[in-house]
Structures are given as C-alpha cells and as structure tokens.
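Scroll down for the structure; my scribbles are underneath it.
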Ligand SMILES: Nc1nc2c(ncn2[C@@H]2O[C@H](COP(=O)(O)OP(=O)(O)OP(=O)(O)O)[C@@H](O)[C@H]2O)c(=O)[nH]1
Ligand SMILES: [Mg+2]
C-alpha cells in the first residue's frame, strides 16, 4: 500500500478551539482542562484512506498575539492548513481570513486548506453565517466544515478530507515526475534544479514510504 | 501577625559575633563545588546597577549579544562586524539621600524639601527637589480602589507604561485602575523632572516601592514583612518575566514607535505567568535568596541523568542548555561550555513550566527569552514531560529555530536511557517523599531551616511540618525569614549573626563567607544551644551535600 507523510499546520485566533479539535481527533475525547498553547504543540497521527497510509505531523499553533510573529516557523513547508475560527465570534472569522492571506503571501507550494467553523454546538450564539463561511472557503479553494470538539461533530470528516486533499496533491506530483525513480534522501533536495516544478513532494528511500514533506 | 511581633520584640534581639562558631572554618561551604552550574551573584547589588531603561539595555545588547555569538559560532549567521565589548558603567548617581515628604489629608500630595515629617517618607536617589511646593490633586473615581476587599490584599503589583497606561495589576481589572496608575506615573515623573528617581514611599505599615525600567514602571504596594529592597528584587523578577515574553528588542521598538501602545495586547495570555510568579514569590525562598532548590537525589542517579543528557545532546550541535525540572525543583542542568545559567533565568523557566499545563498535552516548541542570558532575542525550547507518570519536564534550549525534529529524536533517546536506568522511578520517589524531614537532622530544638550555598546559588530546606501546617503559620514563618534576611543585609548595619526572639519561635540567622543559614527553633531554646545546633546543622548539611545539591556541572 502507498504511504505518505505530510505536515499540517493549525492556525486561528486564541481560544477558538484548535487544541481541543486536535486532541479530540487524536485522543478521541474532549478535554475541558486544556491550557492555552505556548508556542506550538506537536502531534502526529496516522490514518488509512483510499488505500493510502497517511501520517500527519500536526503543528498546533498558539493563537496568542505574542506568538504571531513566530507563525512562519510553523507554517513554513506546511502541506495542509486547518484554518479554525469560532462560529460565535465574527472577529475570529475575520482573523482566520488574515491567516489565509498570510499563507498565500508566504508559502509558495500549494497548500491543502480546510476551514473549520468550530464550537458549532453553541448554535444559539452563532455570529458567523454558515453560507458566508462556506462561500469564502470555496473562493479560496478550501473545504468548509462546522465542527465541535465538545459534541464531536465534523472533526473526523475534516481530517479525512484533508488527507484526501493531500493524496490528490501527491498523485498529481507523482504523475508530473513521471514516476522517476530518483532516490532522494533529504529535504535539501526538495528545491533542487532537477525539479523545476518546485514541488514539495519527495520520494524517500525509507521503507516507510513516500513523504510529501520532511522536516 | 508577624509584623507586630517583630516590632514589639525589637529589643530582645542581639547582634553579635559569638565564639562558638569559630570552629567552623571561614570558607566552609557545604554544597559548593569547583564549578557551578549557576551563576552566583548578589542580586541586591545587581539590581542597583542595572540600567534604568530597556533602551540602554538594547544598545548594550546590540554590541554584545550572546545569541548572535552562538549563532556565529554555529556558522548560522555572519554579522556584519563584530564589535568589541566596551565596559560602560551606567550612570552612577547614587549619592544616597533621603527626602521626606508629607501627604496631607484630602488625598493631595505635597512634596516639600523640609524634612522630618513622619509617618510618610519618600526615598529618592538624591535630594534635588525644587524648593517650591508642588501640589497635585488626585481625582479619585475608580471604583476598585474603594472596594474594601481590593484594599485588603497584602501585596499589590502594578505595571504601567511610561505614558501611564495600565499594563498589569495583580488584583482588579486594569481598566478600573487607570486613575491610580496615572497617579503612579505622575509620582515617577515629578521626581524625574528633578533629575531624580523615586524609590519608595513609606506610609504606616504600607510600602510603595517603585522600579523604573523605562518604558515600563513597576510598582509594589505591600504591608507584608518584605522590605523595600526585597520588593525591588521582586519587581525586577516581574520585569524580567516581561522581557522573557517579549525580549528587550521588541519592548523597545514597540514603544519607540508608539509611546501610547497598549501592551496588554501583546501580553495577552501571559498574565497567568505574572500571577503565578507574583504568588510564588510570597512563599518561595528561591526569589528571596536568588537561588535554586534542587530535587534531592543520590549523586549516582543524578550523574546517570546528567550523563544521559550529555550523551545525546553532545551529538546535536546547538544545544545551549538542557534543563530538567520537577515540581519547581532542579534535577540537573547540562550546559554548553563557556555558558552558565543565571538563577533568575531559571526561575523564569520554572515559572513557565509551572503556570501552564499546555506542555503536558504534547511536546512543544516555543520561543523563550532568558533576559540574563541575552535579553535581546529568543532561544527556542523543546519542552516535554518525561512520561505521563512522571512530572519531570525536560527543556532543550537552542539558538537554532530549525532544530525541533533533531531535538525530538534526541529527547526520545534520553528518555529511553533514563527509563533503562530507572531514573524516572528515582525522581518520582524523591518527589513523593516531598524532600526530607527536619527530624532526619537529629537536632531536637530545630524546627526548620533554609541553607544557601552562595557560590552554588542553590539552597535547601526541609519540608514544612508541624507546627507549620496551616497556611497562616507557614506564611508567618516565611515573613520571619524575610525579616531576618532583611536585617542581615541591611546596608547600614549588615550582620553576621542574629538571634531573634519571635512570638512563637526563636529565629537565628548566620552569614559566613560561603553560606547563608536561617533557622527556626523551639521557643525556649537558649542562645548557646541554638548557636551550637547551627554548628551541628551545617556539618549535617556537609555530610548530605551530595544528595541535596548539584555538585557536578556537566557540559556539552
Ligand atoms: N462549546 C465549545 N467549546 C469549545 C470547543 N472547542 C474548544 N472549546 C473551548 O474553548 C476554549 C479554548 O479551547 P482551546 O482548544 O484551548 O483553544 P485554542 O484555539 O487551542 O487556543 P490557543 O491555544 O490559546 O490558541 C476551551 O475552554 C475549550 O473548552 C467546542 O467545540 N465547543
Ligand atoms: Mg491551543
């Protein structure tokens, strides 16, 4: 079976529930006692989908303003981004959009984007219209999910969709490279002139399989 | 209250050098080793000589940044030119003088040149006040100030900007304290206009202590046993915490661009660290002594731990410090050759670990500035707990922001080796026993003590046991230690030994070239017995030093 490894960055305002969503997905439980993230936390997880073993390296970033300038360190080389806002806060929705712009400005490679409207269990306090968010997501070529870490809605789906997006990117790159059998063994080769397309998919000689990206 | 008893018993204390302790060699220092993992300094002097503004600090760091030096040696970044360190002494205008001022009724303040009006005293660096009377009305509107509960807190800490904008208050919301902070800013600037620096105001039991570190102003208002110099040291810690979050470079440029900037935006989320730090300082001798508490471990175990870290970290080029802490106690530090850690930087690291559970959820990669190491920039820290069942937290600090995955692997191997040699069990066992009991010392009249090895910048104390069980009794004891410490360091009359009869206990403190010792005794103990007991105590500490202190300073 094919396997691939990819780097996912989770971005969004402070307190929108980024860590809760990731912990819910990986730990299969909601934890009320999470502290605000400091810097960024690193998680990994594996899933199998459409005949692919997908290993995700997840950077769950801190939303606090003081870490904003550190963000490039975490999204640099990301293959996918989960852009999270809180459906009860329009401000967090606007802030999510600034993350999208920042990614577009600073990341050259195609990034699989997935917008999450979190805390959808708090429907009565909704401040962001579903259609508006949906349309925005489409306009940037992203998918949109309403999620809740509390009631465990939409999270599995969002991660699965992200993995599918990554597989698609992987397949595209694969065909573009015409399945050349170069055995590259490090990130240094990613931008080597052999690959004028500047793709970030590299094949590794590791038995683990192919990596979309390696640290 | 402890304060009251201090006053009433002032007479019964004696300061003297007794003959009994001469049997202890002058340079005796249990816990000291040839090379120390920590920098030992006299913070009380250091604070005095620190630059009064971050701008001075920044221009200094521009010339000499440890991080740049490290990056250069790592071949990372070659800076345009290397500049030679010049030893600039910061403006030394401390001709000590006192200015007495009077606060009249109606909350208006009159500062006069005419002296001797108790009970309110404003201490400044020198007397340069204009002779004209200045009158400043305080318009009082903020509700918080009139709230009796708010008034009753025994220690307030405020941070404001040079422009008087509130940044932090330990109690109450900053927004409601705008007026009060305005007054503080005014006090600072009135005195400043006269080319002077305000230090403290004494009003009855309350001390108002100022630390001006432009663009910030820090103020402590307390009616605790903490002396004004002790409060200044606390404020300095708070200031360093701000630097550790922002760096001096950032702090400086923010306010250079916008004098009116609301710093709370950037400090959002860091209030927790401030709260935790300020709370800890009320009961933890680390800050009073500017020293670090070590987790008691046999030297064999500690060496195994250090060696495991050395073994794997030495393979990674750029690790500057590897720090292992467990519940506010230091297990070990491994450091890059030539570089040592300052105890107050370590306090900040411990405070960071203690105030956030975020590191328990997953391994983290976070920027942190260690202001004494280099206030101008961030180090990057890989932070992780050793195991779900072990509350020891490992921090690997580097200047290379791309090192996460290397350090992750390095950490994995370290933990594996620690498991193999049962180090986690040893750490847990020590944590569970909560240190040691004073009864292990085998000196019947001794209730509790704090011993600091000066050159090692480490201290040890037994756990608090009966009669120090309730919070109140514990904080009274701490108040007594603060009082002793203050008396010993009193610049007008520093003491070598102090015998103090308290209301519920007898206290003795003793300073030698190499150590500081403070102890609490049963109330009926005689001076002779107490002094004798102290002699036996330091010998016991000597015997146990391998376990109580970190005697090796492993480097990579
Ligand atoms: N009702 C509801 N609350 C949620 C949900 N997800 C998270 N929360 C709550 O929102 C708060 C913040 O959650 P975190 O996961 O820490 O948020 P974060 O985005 O990681 O925050 P930072 O790390 O500071 O950037 C916590 O109190 C969570 O319990 C959700 O789906 N529904
Ligand atoms: Mg988080």
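Every number in this text was worked out from the coordinates using simple rules, so none of it is lab data. Only a predicted model underlies this, so the values are computations on that prediction, with no experimental measurement involved. Glycine gets a Cβ as well: all are built from the backbone with ideal geometry, and neighbour counts include every protein chain shown.
Averaged over peptide A:66-75, the number of partner chain Cβ atoms lying within 10 Å of each residue's Cβ comes to 3.
Taking every residue in A:21-32 and counting other chain Cβ atoms within 10 Å of its Cβ, the average works out to 1.
Were the residues from residue A:140 through residue A:35 laid out at 0.36 nm apart, the gain over their Cα-Cα distance would be 34.7 nm. For the pair residue B:64 and residue B:34, label points projected 7 Å from Cα toward Cβ lie 2.7 nm apart. Counting 0.36 nm for each residue step from residue A:76 to residue A:123 and taking away their Cα separation leaves a gain of 13.5 nm.
Counting alpha carbon pairs within less than 8 Å and at least 6 residues apart, what relative contact order, in whole percent, applies to region B:297-432? Can you show the working numbers first?
Details: 192 pairs, mean separation 39.0, N = 136.
Over region B:297-432, the number comes to 29 percent.
Size descriptors for region B:297-432: radius of gyration and Dmax over Cα atoms are 13.8, 40 Å. The mean number of Cβ atoms from other chains found within 10 Å of a Cβ in peptide B:394-402 is 1, as a whole number. Debye sum, Cα scatterers, region B:428-467, no solvent: what log₁₀ I/I(0) at q = 0.26, 0.33 1/Å? Values, matching the q order: -0.95, -1.09. Once both labels are positioned 7 Å from their Cα atoms along Cα-to-Cβ, the gap between residue A:172 and residue B:328 label points is 5.5 nm.
The distance separating the Cα centre of region B:279-319 from that of region A:157-175 comes to 45 Å.
Pairwise Cα separations in region B:507-556 fall into 10 Å bins from 0 onward with the following percentages, short to long: 20, 45, 24, 8, 3, 0. Summarising the label geometry, the points placed 7 Å from Cα in the beta-carbon direction at residue B:513 and residue B:536 lie 2.8 nm from one another.
Normalising the average separation of contacting C-alpha pairs (under 8 angstrom, six or more residues apart) by the number of residues puts the relative contact order of region B:168-223 at 21 percent. FRET efficiency for the residue B:405 to residue B:262 pair, using the beta carbon distance and R₀ = 45 Å, is estimated at 0.75.
For q values of 0.15 Å⁻¹, compute log₁₀ I(q)/I(0) with the Debye formula on a Cα-only model of region B:144-283, without solvent. Here log10 of I(q) over I(0) equals -0.72. Rounded if a/c is under 1.5, else prolate if a/b is larger than b/c, else oblate: which is region B:426-556, with a ≥ b ≥ c the root eigenvalues of its Cα gyration tensor? Oblate shape, in that a/c is at least 1.5 and b/c is the bigger or equal ratio. With the contact rule set at Cα under 8 Å and sequence spacing of 6 or more, what percent relative contact order holds for region B:187-312? In percent, rounded to a whole number, it is 14. Would you please classify the overall shape of region A:73-115 from the alpha carbon gyration tensor, given that a ≥ b ≥ c denote the square roots of the eigenvalues, rounded means a/c under 1.5, and beyond that prolate means a/b larger than b/c while oblate covers the rest? Because a/c hits 1.5 or more and a/b exceeds b/c, region A:73-115 counts as prolate. When B:332, A:44, B:280, A:131 are sorted by how many other C-beta atoms sit within 10 angstrom of their C-beta, beginning with the fewest, the order is A:131, A:44, B:280, B:332. When only alpha carbons are used to place a centre, region B:487-556 and region B:209-245 end up 27 Å from one another. A straight chain from residue B:503 to residue B:486 at 0.36 nm per residue would run longer than the Cα-Cα distance by 4.3 nm.
The fraction of all Cα pairs in region B:154-237 landing in successive 10 Å bins from 0 to the largest distance is 19, 54, 26, 1, given as whole percents.
For region B:418-449, the residues whose amide N sits under 13 Å from a probe point set 7 Å from the Cα of residue B:529 along the beta carbon direction are B:443-447.
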